[in-house]
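Worksheet: the structure to be examined is printed underneath.
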Amino acid sequence: MKKRYLIILIVLGLLLLTTIEAQKKLFPDVTITAFCDAGHNALPFEWYAPEFEKVGIKIKLITAPFANVYEKLKTEFVAGTGAYDVIVFFPLYLGEFAGMGYLKPLDEYAKKYNPRMDDVAKAFAKLYCYYGGKLYTLPYDGDVLSLYYRKDLFNNPEEKAKFKALYKRELRPPVTWDELIDVAKFFTRKKGEKLAGKVLTEDFYGYAFIAQRGSFAYAWWLAEFASRGGRYFDENMKPMINSPAGVTALQRIVDVMPYCPPDVLSYGYEELKDALILGRIAMCLQWPCNWKKGNDPAQSKIVGNVGITHVPGIIKDGKLVFRAPMPCGRVLAVSASSRNPEAAYYVAKVLSYDKSLADVSTPKTGLDPFRISHFNNPKAFAEFAPESEAKEYLSALRKNLTYGYPDLNLPGSAEYIDVLEIYLGKAYTKEMTPKAALDAAAAEWEKITERLGRANQIKIYKDLLQSWKEAGILE
Amino acid sequence: MKEESLNVIVGKKRFARWMTLPPVLILVALVVGPLGFLLYSSFFDWTLTIPAPPKFVWFKNYVEVFKDIRFWNAFKNTVLLMILGIITQSILGLILALLLNREFKLKKVAITILALPIMITPVVIGFNWRIIYHEHFGPLNYIIRLLRLGSGASWIADPKLALISIFIVDTWQWTPFVTLILLAGLQSIPRQVYEASNVDGASSWQIFRRVTLPLLRPMFVLVVLFRTIWIFKIFDPVFILTGGGPGTATETLSLYTYINGFKLWRIGYTSTLAVFQLIIMNIVATIFVRKFMRRGSK
Amino acid sequence: MTNEKAYEEFKRRIRRKKIIHWFQNLLLLFFIIVFTFPIYWIFIGAFKQKGEFFHYPPIFFVNHFDFENFQRSFELGGAKGVRDSLIVASLNALFVLILALFAGYGIGRFKYGGPNLSFFVLSLLFAPPIIAVMPLFVIFKNLHLIDTYIALIVSYLLINLPFATWLIKGFVEDLPEEIESAALVDGYTRFRAFWKVTFPLILPGVVVATLFVFVFAWNEFLFALIFTRSSVRTLPVVLTELIGGHGIQWGELSALSLVATIPSILLVIFFQRYLVRGLTFGAIKG
């Protein structure tokens, strides 16, 4: 009797095993080519390749330099060879890629493999994942700018006393843009002077920003422009970048430059990050990954002193108004010419949901939180920082995202932004006054709009404004 | 020339045709397609960032090129690089060639080492100089500060300097090329020439000016020819080092064409820019043939 | 008395010559340092660890020589880069060599096509490659040749064939026709005369032309950037993939750059004696 039960048990067990095995191989051994910008953000594709193989997907990774992502993708889309299946790109291009039919709508796949879009920060989801009512992308990296500052310097009693004596108010991370200049000036010291009780071995500066064209440099100008109520265009696609708000914002950067490192005009992502975490500047606006790297002893000299808060704003009607630009960011999409769209979507979904917490909380990548489940999980970020700090970090991000200001998402957005950055640069180098530079940029913008078809652009921009309002970004 | 019988002439012609026609046909085939595309599309307003179809616009693109400040800026940058480059590299190259034209130990080694920069991948040169030019961590500024020659410069970010930085990189890579060609020229001058001049009581400087330089003329022609062609089309180092920046300070013609083609996807306009460059270079080629290549059909 | 004076004068002249000689050597050394320094910088960069790149003051000497960067760069696409570059450059050099040899000889010796063909080849030489990229892209796209070896080999033909043809034409033109006529009289066929007599004499030029064609194809970036995706990845493209915006992998980049330079260096070393002669073979007889 016992023997028979044993046999049945064994057979059942084997059956169970085979079904599990069969379930594990969801896909019939396909090769999925993934495209991502080169560097640390492509690492997850390498890390999880073995796991994907278990379900029958072999990952082949192609990368391109950050500044050439647009050309590489656009060239492939125009050629339509199906060389890439799942792609990572910047939401800046969503309007164009979705509008030109290069991406596969993901709604039906989302029904099969739920990406939990309800868990994604509302602003990010609405602005960067949907287009024309359809789901086109899954979030991968939630970028938003925050104000970083050296906690040790701002909390130092000596410095606090000095500041109070000079400016007749408490030393604190600047809450308004006017305050920014004062604080930056205060902390700019020459080699040999004292800073927080120590003698400096090299020059120290108050502030820095990204100026390199093609590295989302315009976001550093956008921060003040947006907080003053600025918009890219009005409803008739007339550029508004040269409004008084825009000119003030640009003038501000020109005014703060004496308190920035002398090589600030060559700053891209790497340089700005190093300036802060290698201890050359007191504060800056930066992406969330700066916090992770600032607290990583392998890369940073300021571990434990990375303060983070909302970006500066302006006082309007007695209330503080600030807007945090959301430049860059990354989303995952499936190419319309992919031969294995479902498998490609599967890869995207795993990276966007299942593995996202691990990816955004490690200093090995530059990926940043974008899910409510991320924000509610400071423990995960405590790998290299005390949980209290992680809490502060996540709440700052959340705050900034709540008052985030999106990238321009129209066809031709790459061109508009490139032109803007060229002219911002001319104002930085004092080749043109801020007003002249922005006027010239606005004139170029008008030309671009004309060339792309004003009527069409107006229509798309109107839809854009609508979705921005729905996301709670604009009043 | 000997008189040739009809048979010989026909045989000659047939052989020539058999030898030359296949490669020439291949070349023509490769050229006809792209050239046709360029000419045809330059008359259309055709952008691939919006779903609109191409629109026939006659010569509108050509007119736009003339009015395009950014085009003239790119043209200016390219011409500046050419003039600066050719003059500097010729002089430097000559000095180096003269230095190498003596007898000394390790001469072969010196020549081999000097030939290296020519062979290195321009992309590699681009990113390598990016590190060297790095304002804070780069060895160049460090050495400048060490030698008290200044406080270092913003080689890539300063719009006034950026083009010079490209020029320096180009000079570093191609002066050895000039040197090698001039060296060959120097080495082909028979000693008797020098000895004869010495006998006539000429000073070194006079020999150099009146004898050496004129004999080197064909080499210089070659040098100017190649440098003109290669600087005009410069792309890789600029793309990697500055991407055309800061602003448009180092935007050369090739880079501007690339941007219009693969960043802005203005196919029609890009073709027009291409036609412009073709015309410019054809004019230059014609001038070259007329003025310098008086020897036979070269 | 005059003998002594003459002797003093002589000694002084010799001393002057020696000083000048040493000064010239010093100047040459200075130039060599300047021209080699960037190459040295890549060399030590290949052995530096991550933190050593952004170090102040810059690190000029390394004392550890591990090959981690090389290994990693090969994993990141370097291996495929070397393979694909070899395939494309070798095949291209081969085709160009054969075609240019024939065309160069035909135009050079027999003036085939007259001045028009000659000018056609010359004007192709002058044309910047960028103008061909978009048209070829559209053509390749329609022929489904994007991301194939053929696309690159064919496009490189367009750039290299005029150059090689023009070089070889020059060498052929400077070879007196009598040499071949003598062979013809001896009963050689025209082809045999070419192969057995002319070809060995223009060999330095042919070697140099092939060398340059190979190096140009090996180093080519623009066409590779636009025409290839994942099936074909030549070294210059793979190198740029290591330039991430959020983190440049300088160590791996330096290591792979060194590897990329090796074939060119080897070619230079082996064909050094041809370089100087071959480059100007045709132009010497002003």
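The values are calculated or read from the model by the stated rules, or taken from the named source; none is laboratory data. Just so it is clear, the structure is predicted and the values come from calculations on it, not from any experiment. A quick note on method: Cβ atoms are made from the backbone with ideal geometry, for glycine too, and the neighbour counts reach across all protein chains shown.
Per-residue answers, yes or no, for (1) at pLDDT 90 or above; (2) assigned to a loop (DSSP other than H, G, I, E, B); (3) not polar (S, T, N, Q):
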| site | (1), (2), (3) |
| --- | --- |
| C:Pro162 | yes, no, yes |
| C:Ile168 | no, no, yes |
| C:Val172 | no, no, yes |
| C:Ala183 | no, no, yes |
| C:Arg192 | no, no, yes |
| C:Val197 | no, no, yes |
| C:Leu201 | no, no, yes |
| C:Ala224 | yes, no, yes |
| C:Ser231 | no, yes, no |
Determine, yes or no, whether A:Asn236 is in a loop (DSSP other than H, G, I, E, B), in contact (Cβ under 8 Å) with a residue 40 or more places away in the chain and surrounded by fewer than 19 Cβ atoms within 10 Å (Cβ to Cβ). yes
List pairs: first residue in region A:151-174 and farther than 16 Å from A:Tyr207 by Cα, second residue exposed (fewer than 13 other Cβ atoms within 10 Å of the Cβ) and of a type in the set (Lys, Arg) anywhere in the structure, Cβ distance under 9 angstrom, at least six positions apart or on different chains. A:Glu158/A:Lys194; A:Phe163/A:Arg169; A:Glu170/A:Lys164
Quick check, is A:Lys58 among the charged types (D, E, K, R) and in contact with a strand residue (DSSP E or B) (Cβ under 7 Å, 6 or more places away or on another chain)? yes
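Could you check how many residues of region A:330-378 are of a type in the set (Asp, Glu) and over 16 Å from the mean Cα position of the chain (by Cα)?
Looking only at region A:330-378, we keep the residues that are of a type in the set (Asp, Glu), and these are A:342, A:354, A:359, A:368.
Keeping just the survivors that are over 16 Å from the mean Cα position of the chain (by Cα) gives A:342, A:354.
Total satisfying the criteria: 2.
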Please enumerate the residues belonging to region A:232-253 that are farther than 18 Å from A:Met283 by Cβ and among the hydrophobic types (A, V, I, L, M, F, W, C). A:Phe233, A:Met237, A:Met240, A:Ile241, A:Ala245, A:Val247, A:Leu250
Report yes if C:Phe74 is under 32 Å from the mean Cα position of the chain (by Cα) and either closer than 24 Å to B:Gly138 by Cβ or among the hydroxyl-bearing types (Ser, Thr, Tyr) (or both), otherwise no. no
What do you reckon, is C:Ile226 touching a residue at least 60 places away in the same chain (Cβ under 8 Å), surrounded by 22 or more Cβ atoms within 10 Å (Cβ to Cβ), at the interface with another protein chain (Cβ under 7 Å from one of its Cβ atoms) and not basic (Lys, Arg)? yes
Between residues in region A:53-68 that are facing chain C (nearest Cβ under 7 Å) and within 15 Å of C:Gln249 (Cα to Cα) and residues that are aliphatic (A, V, I, L, M) and outside any strand (DSSP E or B), which pairs lie under 6 Å by C-beta distance while being six or more apart or on different chains? A:Thr63/A:Ala38; A:Thr63/A:Ala42; A:Pro65/A:Ala38
Any idea which residue in region B:117-137 is surrounded by the fewest Cβ atoms within 10 Å (Cβ to Cβ), counting only those that are outside any helix (DSSP H, G or I) and more than 7 Å from every other protein chain (Cβ to nearest Cβ)? B:His134
Single match in A:Asp368, A:Asp418 (criterion: surrounded by fewer than 24 Cβ atoms within 10 Å (Cβ to Cβ) and either over 29 Å from A:Tyr70 (Cα atoms) or at pLDDT 85 or above (or both)): A:Asp418
Which residue pairs have Cβ atoms under 6 Å apart, sit 6 or more places apart or on different chains, and have a first residue in region C:119-145 that is more than 7 Å from chain B (Cβ to nearest Cβ) and a second that is in a loop (DSSP other than H, G, I, E, B)? C:Phe140/C:Ile146
Just checking, how many residues over region A:170-203 are assigned to a strand (DSSP E or B) and over 27 Å from the mean Cα position of the chain (by Cα)? 5
Return the residues of region C:26-56 that are surrounded by fewer than 15 Cβ atoms within 10 Å (Cβ to Cβ), under 30 Å from B:Trp174 (Cα atoms) and over 24 Å from the mean Cα position of the chain (by Cα); say none if nothing qualifies. C:Leu26, C:Leu27, C:Leu29, C:Phe30
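Out of A:Thr75, A:Thr81, I need the residue that is over 23 Å from the mean Cα position of the chain (by Cα) and assigned to a helix (DSSP H, G or I). Which one?
Working: A:Thr81 fails: assigned to a helix (DSSP H, G or I).
Selected residue: A:Thr75, the only one of A:Thr75, A:Thr81 that is over 23 Å from the mean Cα position of the chain (by Cα) and assigned to a helix (DSSP H, G or I).
Looking only at region B:203-219, filter to residues that are in contact with a Ser or Thr (Cβ under 9 Å, 6 or more places away or on another chain) and at the interface with another protein chain (Cβ under 10 Å from one of its Cβ atoms); which one of those is surrounded by the fewest Cβ atoms within 10 Å (Cβ to Cβ)?
So in region B:203-219, the residues in contact with a Ser or Thr (Cβ under 9 Å, 6 or more places away or on another chain) come out as B:206-207, B:210-211, B:215, B:218-219.
Filter again for at the interface with another protein chain (Cβ under 10 Å from one of its Cβ atoms), leaving B:215, B:218-219.
Numbers: B:Leu215: 17, B:Pro218: 21, B:Met219: 26.
Only one residue fits best here, namely B:Leu215.
Just checking, how many residues over region C:75-84 are touching a residue at least 24 places away in the same chain (Cβ under 8 Å) and either over 11 Å from C:Val259 (Cα atoms) or surrounded by fewer than 22 Cβ atoms within 10 Å (Cβ to Cβ) (or both)?
So in region C:75-84, the residues touching a residue at least 24 places away in the same chain (Cβ under 8 Å) come out as C:76-78, C:80-82, C:84.
If we keep only those that are either over 11 Å from C:Val259 (Cα atoms) or surrounded by fewer than 22 Cβ atoms within 10 Å (Cβ to Cβ) (or both) too, we end up with C:76-77, C:80, C:82, C:84.
Number of matching residues: 5.
From B:Ile231, B:Ile164, B:Ile207, B:Ile144, grab the single residue that is modelled with pLDDT under 80 and either outside any loop (DSSP other than H, G, I, E, B) or within 20 Å of B:Pro246 (Cα to Cα) (or both).
Working: B:Ile231 fails: modelled with pLDDT under 80; B:Ile164 fails: modelled with pLDDT under 80; B:Ile144 fails: modelled with pLDDT under 80.
Of the residues listed, the single one that is modelled with pLDDT under 80 and either outside any loop (DSSP other than H, G, I, E, B) or within 20 Å of B:Pro246 (Cα to Cα) (or both) is B:Ile207.
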Among the residues of region C:103-116, what is the count of those that are in contact with a helix residue (DSSP H, G or I) (Cβ under 6 Å, 6 or more places away or on another chain), part of a helix (DSSP H, G or I) and facing another protein chain (nearest Cβ under 7 Å)? 5
Can you tell me which residues in region B:228-237 are buried (at least 21 other Cβ atoms within 10 Å of the Cβ) and more than 8 Å from chain C (Cβ to nearest Cβ)? B:Ile231, B:Ile234, B:Pro237
Residues that are touching a residue at least 60 places away in the same chain (Cβ under 8 Å), on the phi > 0 side of the Ramachandran plot and in contact with a Ser or Thr (Cβ under 7 Å, 6 or more places away or on another chain): does region B:264-286 have at least one? yes
Scanning region B:281-293 for residues that are more than 9 Å from chain C (Cβ to nearest Cβ) and closer than 25 Å to B:Leu255 by Cα gives B:Ile283
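Mind counting the residues in region B:147-161 that are assigned to a loop (DSSP other than H, G, I, E, B) and within 14 Å of chain A (Cβ to nearest Cβ)? Explain how you work it out, then say what you get.
Quick first cut of region B:147-161, residues assigned to a loop (DSSP other than H, G, I, E, B) only: B:147-158.
Okay, now just the ones that are also within 14 Å of chain A (Cβ to nearest Cβ), so B:150-158.
Qualifying residue count for the region: 9.
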All helices (runs of 4 or more DSSP H) inside region A:386-452 with 3 or more residues being more than 10 Å from every other protein chain (Cβ to nearest Cβ), without any contact (Cβ under 8 Å) to a residue 24 or more places away in the chain and not polar (S, T, N, Q): A:387-402, A:434-452
Just need a number here: residues in region A:351-365 that are touching a Phe, Trp or Tyr at 6+ places or on another chain (Cβ under 7 Å) and either in the same structural domain as A:Val303 (by TED's automatic domain parsing) or part of a helix (DSSP H, G or I) (or both). 2
Scan (1) buried (at least 24 other Cβ atoms within 10 Å of the Cβ); (2) of a type outside the set (Val, Ile, Thr); (3) more than 9 Å from every other protein chain (Cβ to nearest Cβ) for the single condition C:Leu235 breaks and write down its number. (3)
